[in-house]
Amino acid sequence: MNSPSHLTSIRRILVALDASPDSLAALKIASQLASLYGAELIGIFVEDINLIRLAGLPFAREIGRYSAILRPIDKIQIERQLRAHSRWIESILASIAVEKNLQWSFRTFRGAITDELLSAARDTDLILLGRSGWSGRRRLGSTARQLAVQSPIQAMILSRQLSPRTKLLLIYDGSELSQKELEAARILGENIESPDVVLLAASSERADQLRSEVESTLVGLQNLKYFWLRSLDLERLSQILSSEGCELIVLPATSPHFDVDTLLGVLDESKCAVLIVR
(Lines give C-alpha, C1' and ligand atoms only; values in the text may rest on other atoms or scores of the structure.)
Protein backbone atom coordinates (compact mmCIF):
# COMPACT_ATOMS: atom_id res chain seq x y z
CA MET A 1 0.00 0.00 0.00
CA ASN A 2 1.11 3.54 -0.69
CA SER A 3 0.55 5.91 2.21
CA PRO A 4 -0.50 8.48 1.36
CA SER A 5 -1.54 7.00 -1.96
CA HIS A 6 -1.30 8.71 -5.34
CA LEU A 7 -3.76 8.15 -8.13
CA THR A 8 -0.86 7.17 -10.37
CA SER A 9 0.02 4.29 -8.05
CA ILE A 10 -3.39 2.77 -7.42
CA ARG A 11 -3.06 -1.00 -7.45
CA ARG A 12 -5.91 -2.14 -5.21
CA ILE A 13 -9.37 -0.54 -5.12
CA LEU A 14 -11.73 -1.38 -2.26
CA VAL A 15 -15.48 -0.93 -2.64
CA ALA A 16 -17.84 -1.20 0.33
CA LEU A 17 -20.99 -3.08 -0.65
CA ASP A 18 -24.32 -3.45 1.13
CA ALA A 19 -26.67 -4.11 -1.84
CA SER A 20 -28.11 -0.58 -1.64
CA PRO A 21 -28.44 1.49 -4.83
CA ASP A 22 -25.69 3.85 -3.65
CA SER A 23 -23.21 1.02 -3.09
CA LEU A 24 -24.01 -0.53 -6.47
CA ALA A 25 -23.28 2.85 -8.08
CA ALA A 26 -19.97 2.83 -6.21
CA LEU A 27 -19.25 -0.66 -7.56
CA LYS A 28 -19.73 0.47 -11.16
CA ILE A 29 -17.41 3.44 -10.72
CA ALA A 30 -14.87 1.26 -8.87
CA SER A 31 -14.84 -1.21 -11.77
CA GLN A 32 -14.28 1.61 -14.26
CA LEU A 33 -11.36 2.94 -12.22
CA ALA A 34 -9.91 -0.55 -11.82
CA SER A 35 -10.03 -0.95 -15.58
CA LEU A 36 -8.44 2.46 -16.11
CA TYR A 37 -5.55 1.83 -13.71
CA GLY A 38 -5.16 -1.93 -14.21
CA ALA A 39 -5.92 -2.32 -10.50
CA GLU A 40 -7.34 -5.21 -8.50
CA LEU A 41 -10.98 -4.74 -7.51
CA ILE A 42 -11.84 -5.83 -3.97
CA GLY A 43 -15.41 -5.99 -2.76
CA ILE A 44 -16.24 -6.14 0.94
CA PHE A 45 -19.54 -6.90 2.65
CA VAL A 46 -19.85 -6.50 6.41
CA GLU A 47 -22.46 -8.39 8.40
CA ASP A 48 -23.35 -5.76 10.97
CA ILE A 49 -22.64 -7.33 14.36
CA ASN A 50 -24.70 -4.66 16.11
CA LEU A 51 -27.77 -5.59 14.06
CA ILE A 52 -27.25 -9.28 14.80
CA ARG A 53 -26.83 -8.62 18.51
CA LEU A 54 -29.96 -6.47 18.53
CA ALA A 55 -31.92 -9.25 16.83
CA GLY A 56 -30.87 -11.62 19.63
CA LEU A 57 -32.38 -9.48 22.38
CA PRO A 58 -35.74 -10.76 23.72
CA PHE A 59 -37.39 -7.33 23.58
CA ALA A 60 -36.25 -6.47 20.02
CA ARG A 61 -39.12 -5.74 17.64
CA GLU A 62 -39.58 -4.68 14.01
CA ILE A 63 -42.51 -3.27 12.07
CA GLY A 64 -43.64 -5.28 9.07
CA ARG A 65 -43.05 -3.40 5.83
CA TYR A 66 -46.48 -4.20 4.41
CA SER A 67 -48.54 -5.22 7.45
CA ALA A 68 -47.25 -2.45 9.77
CA ILE A 69 -47.60 -5.02 12.57
CA LEU A 70 -45.07 -5.02 15.40
CA ARG A 71 -43.34 -8.40 15.65
CA PRO A 72 -40.23 -9.98 17.23
CA ILE A 73 -37.02 -9.79 15.21
CA ASP A 74 -35.93 -13.23 14.04
CA LYS A 75 -32.14 -13.46 14.50
CA ILE A 76 -31.85 -16.56 12.32
CA GLN A 77 -33.80 -14.86 9.54
CA ILE A 78 -31.58 -11.75 9.79
CA GLU A 79 -28.46 -13.90 9.42
CA ARG A 80 -29.98 -15.69 6.42
CA GLN A 81 -30.81 -12.37 4.78
CA LEU A 82 -27.26 -11.10 5.32
CA ARG A 83 -25.80 -14.25 3.77
CA ALA A 84 -28.18 -13.95 0.82
CA HIS A 85 -27.19 -10.30 0.31
CA SER A 86 -23.54 -11.30 0.41
CA ARG A 87 -23.97 -14.00 -2.24
CA TRP A 88 -26.01 -11.70 -4.48
CA ILE A 89 -23.48 -8.87 -4.29
CA GLU A 90 -20.60 -11.25 -4.97
CA SER A 91 -22.36 -12.50 -8.10
CA ILE A 92 -22.80 -8.93 -9.36
CA LEU A 93 -19.15 -8.12 -8.66
CA ALA A 94 -18.01 -11.30 -10.39
CA SER A 95 -20.12 -10.56 -13.47
CA ILE A 96 -18.74 -7.01 -13.79
CA ALA A 97 -15.15 -8.13 -13.19
CA VAL A 98 -15.33 -10.89 -15.77
CA GLU A 99 -16.88 -8.55 -18.33
CA LYS A 100 -14.05 -6.03 -17.81
CA ASN A 101 -11.35 -8.70 -17.42
CA LEU A 102 -10.41 -7.47 -13.94
CA GLN A 103 -8.52 -9.19 -11.18
CA TRP A 104 -10.97 -9.29 -8.30
CA SER A 105 -11.82 -10.72 -4.91
CA PHE A 106 -14.72 -10.56 -2.50
CA ARG A 107 -14.70 -10.77 1.28
CA THR A 108 -17.43 -11.02 3.88
CA PHE A 109 -16.72 -10.04 7.48
CA ARG A 110 -18.84 -9.92 10.60
CA GLY A 111 -18.20 -6.98 12.87
CA ALA A 112 -18.73 -3.25 13.32
CA ILE A 113 -19.09 -1.87 9.78
CA THR A 114 -16.79 1.15 10.05
CA ASP A 115 -14.10 -0.78 11.95
CA GLU A 116 -14.04 -3.56 9.35
CA LEU A 117 -13.87 -1.10 6.45
CA LEU A 118 -11.04 0.85 8.06
CA SER A 119 -9.13 -2.36 8.67
CA ALA A 120 -9.59 -3.53 5.07
CA ALA A 121 -8.62 -0.10 3.72
CA ARG A 122 -5.12 -0.31 5.20
CA ASP A 123 -4.08 -2.78 2.51
CA THR A 124 -5.57 -0.86 -0.42
CA ASP A 125 -5.08 2.48 -2.18
CA LEU A 126 -8.59 3.84 -2.74
CA ILE A 127 -11.95 3.10 -1.13
CA LEU A 128 -15.35 3.78 -2.70
CA LEU A 129 -18.69 3.66 -0.91
CA GLY A 130 -22.24 4.92 -1.19
CA ARG A 131 -23.23 8.01 0.75
CA SER A 132 -26.29 6.69 2.59
CA GLY A 133 -26.64 2.89 2.34
CA TRP A 134 -30.14 1.48 2.83
CA SER A 135 -31.36 4.52 4.76
CA GLY A 136 -32.01 6.31 1.47
CA ARG A 137 -31.48 9.64 3.18
CA ARG A 138 -30.23 12.60 1.22
CA ARG A 139 -27.75 13.45 3.96
CA LEU A 140 -24.56 11.53 4.58
CA GLY A 141 -24.87 8.15 6.29
CA SER A 142 -22.96 7.40 9.49
CA THR A 143 -20.53 4.99 7.82
CA ALA A 144 -19.66 7.41 5.02
CA ARG A 145 -19.27 10.19 7.59
CA GLN A 146 -16.77 8.22 9.64
CA LEU A 147 -14.84 6.99 6.61
CA ALA A 148 -14.58 10.54 5.24
CA VAL A 149 -12.74 11.61 8.37
CA GLN A 150 -10.89 8.47 9.45
CA SER A 151 -9.96 6.65 6.24
CA PRO A 152 -6.18 6.17 5.95
CA ILE A 153 -6.44 6.33 2.15
CA GLN A 154 -8.24 8.32 -0.52
CA ALA A 155 -12.01 7.91 -0.34
CA MET A 156 -14.68 8.47 -2.97
CA ILE A 157 -18.28 8.80 -1.78
CA LEU A 158 -21.07 8.44 -4.35
CA SER A 159 -24.83 8.45 -4.63
CA ARG A 160 -25.22 7.85 -8.36
CA GLN A 161 -23.41 6.95 -11.54
CA LEU A 162 -21.12 9.47 -13.17
CA SER A 163 -21.61 10.42 -16.81
CA PRO A 164 -19.01 9.42 -19.44
CA ARG A 165 -17.78 13.05 -19.58
CA THR A 166 -17.82 13.90 -15.90
CA LYS A 167 -17.97 17.56 -14.90
CA LEU A 168 -15.27 18.01 -12.26
CA LEU A 169 -14.73 20.68 -9.60
CA LEU A 170 -11.31 20.98 -7.94
CA ILE A 171 -10.89 22.75 -4.62
CA TYR A 172 -7.28 23.91 -4.68
CA ASP A 173 -5.27 25.60 -1.92
CA GLY A 174 -1.70 24.97 -3.08
CA SER A 175 -0.96 22.33 -0.42
CA GLU A 176 0.75 19.00 -1.07
CA LEU A 177 -2.61 17.27 -0.93
CA SER A 178 -4.18 19.61 -3.44
CA GLN A 179 -1.23 19.00 -5.76
CA LYS A 180 -2.47 15.42 -5.85
CA GLU A 181 -5.84 16.75 -6.98
CA LEU A 182 -4.19 18.28 -10.02
CA GLU A 183 -2.48 14.97 -10.67
CA ALA A 184 -5.89 13.27 -10.58
CA ALA A 185 -7.39 15.80 -12.99
CA ARG A 186 -4.44 15.43 -15.36
CA ILE A 187 -4.72 11.63 -15.38
CA LEU A 188 -8.48 11.72 -15.84
CA GLY A 189 -8.26 14.42 -18.49
CA GLU A 190 -9.58 12.23 -21.30
CA ASN A 191 -12.62 11.23 -19.24
CA ILE A 192 -13.69 14.60 -17.84
CA GLU A 193 -14.67 17.98 -19.13
CA SER A 194 -12.22 20.77 -18.37
CA PRO A 195 -12.56 21.18 -14.61
CA ASP A 196 -13.76 24.19 -12.71
CA VAL A 197 -11.29 25.23 -10.02
CA VAL A 198 -12.09 26.86 -6.69
CA LEU A 199 -8.97 28.67 -5.47
CA LEU A 200 -8.77 28.98 -1.68
CA ALA A 201 -6.54 31.98 -0.99
CA ALA A 202 -6.33 34.81 1.52
CA SER A 203 -5.49 37.42 -1.11
CA SER A 204 -5.92 38.05 -4.82
CA GLU A 205 -2.14 37.84 -5.26
CA ARG A 206 -2.12 34.37 -3.72
CA ALA A 207 -5.09 33.38 -5.89
CA ASP A 208 -3.14 34.44 -9.00
CA GLN A 209 -0.21 32.33 -7.85
CA LEU A 210 -2.44 29.31 -7.33
CA ARG A 211 -3.96 29.80 -10.77
CA SER A 212 -0.48 29.73 -12.33
CA GLU A 213 0.27 26.47 -10.49
CA VAL A 214 -2.92 24.90 -11.79
CA GLU A 215 -2.29 25.96 -15.39
CA SER A 216 1.32 24.76 -15.34
CA THR A 217 0.18 21.30 -14.19
CA LEU A 218 -2.97 20.93 -16.26
CA VAL A 219 -1.28 21.71 -19.55
CA GLY A 220 -3.56 20.69 -22.41
CA LEU A 221 -6.83 21.06 -20.53
CA GLN A 222 -8.69 23.93 -22.16
CA ASN A 223 -11.29 26.40 -20.89
CA LEU A 224 -10.52 26.09 -17.19
CA LYS A 225 -12.91 28.20 -15.14
CA TYR A 226 -11.80 29.72 -11.82
CA PHE A 227 -13.54 30.88 -8.66
CA TRP A 228 -11.76 32.58 -5.77
CA LEU A 229 -12.83 32.04 -2.16
CA ARG A 230 -11.01 33.15 0.97
CA SER A 231 -12.38 30.12 2.80
CA LEU A 232 -14.57 27.18 1.90
CA ASP A 233 -17.99 28.83 2.23
CA LEU A 234 -20.72 26.19 1.88
CA GLU A 235 -23.38 28.58 0.60
CA ARG A 236 -21.12 29.96 -2.12
CA LEU A 237 -19.88 26.47 -3.01
CA SER A 238 -23.46 25.27 -3.40
CA GLN A 239 -24.15 28.16 -5.77
CA ILE A 240 -21.11 27.23 -7.87
CA LEU A 241 -22.06 23.55 -8.00
CA SER A 242 -25.61 24.40 -9.01
CA SER A 243 -24.65 26.90 -11.71
CA GLU A 244 -21.85 24.79 -13.20
CA GLY A 245 -23.55 21.38 -13.02
CA CYS A 246 -20.57 19.63 -11.43
CA GLU A 247 -20.80 15.87 -10.77
CA LEU A 248 -17.55 15.21 -8.88
CA ILE A 249 -15.82 17.36 -6.27
CA VAL A 250 -12.14 16.70 -5.53
CA LEU A 251 -10.77 18.24 -2.36
CA PRO A 252 -7.97 17.67 0.16
CA ALA A 253 -8.76 15.86 3.40
CA THR A 254 -7.25 18.73 5.39
CA SER A 255 -6.62 22.39 4.67
CA PRO A 256 -5.90 25.60 6.59
CA HIS A 257 -8.94 27.04 4.81
CA PHE A 258 -11.56 24.68 6.26
CA ASP A 259 -12.09 22.33 9.20
CA VAL A 260 -13.57 18.84 9.57
CA ASP A 261 -17.08 20.19 10.11
CA THR A 262 -16.87 22.07 6.81
CA LEU A 263 -15.60 18.96 5.03
CA LEU A 264 -18.59 17.01 6.34
CA GLY A 265 -20.83 19.92 5.41
CA VAL A 266 -19.69 19.63 1.80
CA LEU A 267 -20.55 15.94 1.87
CA ASP A 268 -23.90 16.56 3.55
CA GLU A 269 -25.09 19.33 1.27
CA SER A 270 -23.68 18.26 -2.07
CA LYS A 271 -25.49 15.92 -4.44
CA CYS A 272 -22.18 15.32 -6.22
CA ALA A 273 -19.74 12.51 -5.77
CA VAL A 274 -16.79 13.54 -3.61
CA LEU A 275 -13.17 12.36 -3.82
CA ILE A 276 -11.22 13.13 -0.64
CA VAL A 277 -7.49 13.17 -1.35
CA ARG A 278 -4.93 12.10 1.26
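For the stretch 251-265, taking the residues that are in contact with a Ser or Thr (Cβ under 9 Å, 6 or more places away or on another chain) and of a type in the set (A, V, I, L, M), the one that is farthest from A185 (Cα to Cα) is identified as V260. With V250, V274 as the choices, which residue is under 24 Å from L158 (Cβ atoms), in contact with an Asp or Glu (Cβ under 8 Å, 6 or more places away or on another chain) and not in a loop (DSSP other than H, G, I, E, B)? Residue meeting the stated conditions: V250.
Across the stretch 159-178, the qualifying residues are those that are modelled with pLDDT under 90 and assigned to a strand (DSSP E or B), and the one among them that is surrounded by the fewest Cβ atoms within 10 Å (Cβ to Cβ) is T166. Taken over the stretch 179-225, the criterion of being surrounded by 15 or more Cβ atoms within 10 Å (Cβ to Cβ) and at pLDDT 90 or above is satisfied by D196, V197, V198, L199, L200, A201, R206, A207, L210, R211, E213, V214.
Is it the case that Q150 is surrounded by fewer than 17 Cβ atoms within 10 Å (Cβ to Cβ), closer than 29 Å to L200 by Cβ and of a type outside the set (A, V, I, L, M)? Considered against the rule, which asks whether it is surrounded by fewer than 17 Cβ atoms within 10 Å (Cβ to Cβ), closer than 29 Å to L200 by Cβ and of a type outside the set (A, V, I, L, M), Q150 comes out as yes. For A185, are the conditions met, namely being in contact (Cβ under 8 Å) with a residue 12 or more places away in the chain and under 30 Å from L24 (Cβ atoms)? Yes, satisfied. Within the stretch 11-32, residues that are more than 18 Å from R87 (Cα to Cα) and touching a residue at least 40 places away in the same chain (Cβ under 8 Å) reach no partner that is part of a helix (DSSP H, G or I) and of a type in the set (S, T, N, Q) with beta carbons closer than 6 Å at six or more positions or on different chains.
Just checking, which of Q239, Q209, Q222 is more than 27 Å from L147 (Cβ to Cβ) and in a loop (DSSP other than H, G, I, E, B)?
Details: Q239 fails: in a loop (DSSP other than H, G, I, E, B); Q209 fails: in a loop (DSSP other than H, G, I, E, B).
Answer to the selection: Q222.
The set of residues in the stretch 79-113 that are at pLDDT 95 or above, over 14 Å from L14 (Cα atoms) and acidic (D, E) contains only E99.
The values are calculated or read from the model by the stated rules, or taken from the named source; none is laboratory data. Nothing here was measured: the structure is a model prediction, and the numbers come from that model. Using ideal geometry, Cβ is built from the backbone for each residue, glycine included, and neighbour counts are taken over all protein chains shown.
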